[in-house]
Amino acid sequence: MNPYYSRTDTTVLNLPDSIWKKVLPDSVYAVARGKATEEAFTGKFWNFEGKGTYSCAACGNMLFRSDAKFASSCGRSGWSTNIHAAFAFQIGQS
């Protein structure tokens, strides 16, 4: 159970990685904190076309709306814009 996950509290969480490692499943920790990516053409949302809002799996903050999602053709979801600048985009090296 992750006591820091909330869809309503948008407080910035400045927790050390040691805390996140304890409360997140290994796969979520690897992506959210370790900059890993899901394998291409996997993950439950890569080919999902439903309407809604994508939230951070670690803290619950809103990240993207489904209407900003586009087909990236690389097997991973792509978004044209994020909801707010609470995080930074980084270009992958794969």
remark   = Those residues of region 13-33 which are surrounded by 12 or more Cβ atoms within 10 Å (Cβ to Cβ) and either within 11 Å of the chain's Cα centre (by Cα) or among the small types (Gly, Ala, Ser) (or both) amount to 27, 28, 29, 30, 31, 32, 33
inquiry  = Where the second residue is assigned to a helix (DSSP H, G or I) and among the charged types (D, E, K, R) and the first is free of Cβ contacts under 8 Å to residues at least 60 places away in the same chain and closer than 26 Å to residue 4 by Cα and lies in region 25-51, which pairs have Cβ atoms under 6 Å and are six or more apart or on separate chains?
reply    = 29/21; 33/17
message = residue 49 - would you say it is at pLDDT 75 or above and touching a strand residue (DSSP E or B) at 6+ places or on another chain (Cβ under 9 Å)?
response = yes
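Kindly evaluate residue 12 against the criterion of being touching a residue at least 12 places away in the same chain (Cβ under 8 Å) and assigned to a loop (DSSP other than H, G, I, E, B).
Here the answer is yes, as residue 12 does meet what is asked.
Could you go through region 58-66 and let me know if any residue there is small (Gly, Ala, Ser), surrounded by 12 or more Cβ atoms within 10 Å (Cβ to Cβ), over 12 Å from the mean Cα position of the chain (by Cα) and at pLDDT 75 or above. It would help to see each step written out before you state the result.
Initially, region 58-66 is screened for residues small (Gly, Ala, Ser), giving 58, 60, 66.
This time we only want the ones that are surrounded by 12 or more Cβ atoms within 10 Å (Cβ to Cβ), so: 58, 60, 66.
Filter once more, so that each one left must be over 12 Å from the mean Cα position of the chain (by Cα): 66.
Right, trim to at pLDDT 75 or above and you get 66.
Yes: one or more hits.
The values are calculated or read from the model by the stated rules, or taken from the named source; none is laboratory data. All of these numbers come straight from a predicted model, not from anything done at the bench. All Cβ positions, even for glycine, are placed from backbone atoms using ideal geometry, and neighbour counts span all protein chains on display.
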